[in-house]
């Protein structure tokens, strides 16, 4: 019953995100700097002065935007707390999915539309399904007391958490908000390997086109490295999770016991 | 107070990411189930991604590689990490019948 409530909540959040999206996407906030003619290829370091695209306030400071932000922030934090506190693993996974949906909506508010969709597809779609599969394989939904540590461990852990909170708070206090009149360097020209320099064309912010231009331009090497990493991860996962002796069935790897 | 509630700025997103990160840290520290620990790690990676995107939005993309691409790569690494971690959990469970990280002390001696 609890799972059902969480599913309904997640669907509700998704609906609200869908309603909210067009008005958020509409206002394209970043004016792309026009590159002066004749400076396309040979002057990549030319500074084109442009006013900073955005103010302190992310967008539109409207009350609707604020209300949506608080709703999604509350959803993501509540889901995260659900993960940490629940004993039931399936309930924890459902809280995680709700948290990911909220995080995806927050990405949308940051104009990272492509990342928001990827977040939903990869995290809420693929990784969480993987978790559910493993939980079903293990077939032990209820177990585990929380934190059976001694007094010393609690003291050390509390001190570490307090230190981390203090450092994070200091960093957040010292964040320098960009001045509105700051002049930024123009976006770097896109280098395609073997194709010379292509002048950066104005692209939207956070769209598939922008991310794709970046990913297959300067980010080509990390992209290929990620593909190899994923291949290695797949092979490694199969090699680790496979029983050592296929005839034994699923029981008792002799290699693990001391 | 009204400003804090209705003028959603970058600070709100940064604080949200920090809160999510701290919840992930708390999950890693207080839970003993390996699956929950993996999920908490995913939560921390998401918080880091949110910080990246917020700073990208704040400063614009100035370098060669935009924060969106970087966040995408982080998601790919997180997927690889989750798959290998879950495979290790399955392998450990097959041998020992539990995934309590406090009871996995064979390598300690």
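Throughout, read-outs are computed from the coordinates displayed, never taken from laboratory work. It should be emphasised that the depicted structure is a prediction, and the values quoted were computed from it without experimental measurement. Here Cβ is always computed from backbone atoms with ideal geometry, including for glycine, and neighbour counts include all displayed protein chains.
Can you give the FRET efficiency for residue A:87 and residue B:3, using 1/(1 + (r/R0)^6), R0 = 35 Å, r = Cβ-Cβ distance, to the nearest 0.05?
According to the calculation, E is roughly 0.30.
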Original post:
Where a ≥ b ≥ c are the square roots of the eigenvalues of the C-alpha gyration tensor, would you call the range B:2-108 rounded, which needs a/c under 1.5, or, failing that, prolate if a/b is larger than b/c, or oblate?
Top reply: oblate
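For B:65, A:244, A:89, what ranking results if the residue with the fewest other Cβ atoms within 10 Å of its Cβ goes first?
Working: B:65 17, A:244 13, A:89 25.
Ordered by Cβ neighbours within 10 Å, fewest first: A:244, B:65, A:89.
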Subject >> Value of [θ]222 nm, deg cm²/dmol, for chain B, DSSP H segments ≥ 4, -39500 (n - 2.57) each, nearest 500 >> reply: -26000 deg cm²/dmol
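Grab the Cα-Cα distance for residue A:170 and residue A:208, subtract it from 0.36 nm times how many residues apart they are, and report the gain in nm with one decimal.
Working: separation 38, 0.36 × 38 = 13.68 nm, distance 3.51 nm.
Taking 0.36 nm per residue and subtracting the Cα distance, the gain is 10.2 nm.
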Original post:
Is there a simple number for the mean count of other chain Cβ atoms within 10 Å of the Cβ of residues in B:97-108, and what is it?
Top reply: 2
Original post:
If you line up the long axis of helix B:67-96 against the longest principal axis of chain B, both from Cα atoms, how many degrees apart are they, to the nearest 10?
Top reply: 20 degrees
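Taking other Cβ within 10 Å of each residue's Cβ, how do A:207, B:105, B:54 sort, fewest first? Working shown, then result.
Working: A:207 17, B:105 8, B:54 26.
By the 10 Å Cβ count, ascending, the order reads B:105, A:207, B:54.
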Subject >> Cα-based helix-to-principal-axis angle, B:10-30 vs chain B, degrees rounded to 10 >> reply: 10 degrees
Original post:
Other chains' Cβ within 10 Å of B:45-51 residues: what's the mean?
Top reply: 4
Original post:
Sorted by packing (mean other beta-carbon atoms within 10 Å per residue), highest first, where do A:94-100, A:64-70 land?
Top reply: A:94-100, A:64-70
**OP:** Among B:96, B:57, A:242, rank each residue by its count of other Cβ atoms within 10 Å, from fewest to most, as a rough exposure measure.
**Re:** A:242, B:96, B:57
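Could you work out how much longer the chain between residue A:133 and residue A:242 gets when fully extended? Use 0.36 nm per residue separation minus the Cα distance between them, nm to one decimal. Intermediate results must be reported in sequence, preceding the final value.
Values: separation 109, 0.36 × 109 = 39.24 nm, distance 1.53 nm.
My answer for the length gained is 37.7 nm.
Provide a whole-number value for the mean count of partner chain Cβ atoms within 10 Å of the Cβ atoms in peptide A:93-103. Write down the numbers at each step before the final one.
Working: counts 3, 0, 1, 6, 0, 0, 6, 3, 0, 2, 8.
For this peptide, the per-residue mean of nearby foreign Cβ atoms is 3.
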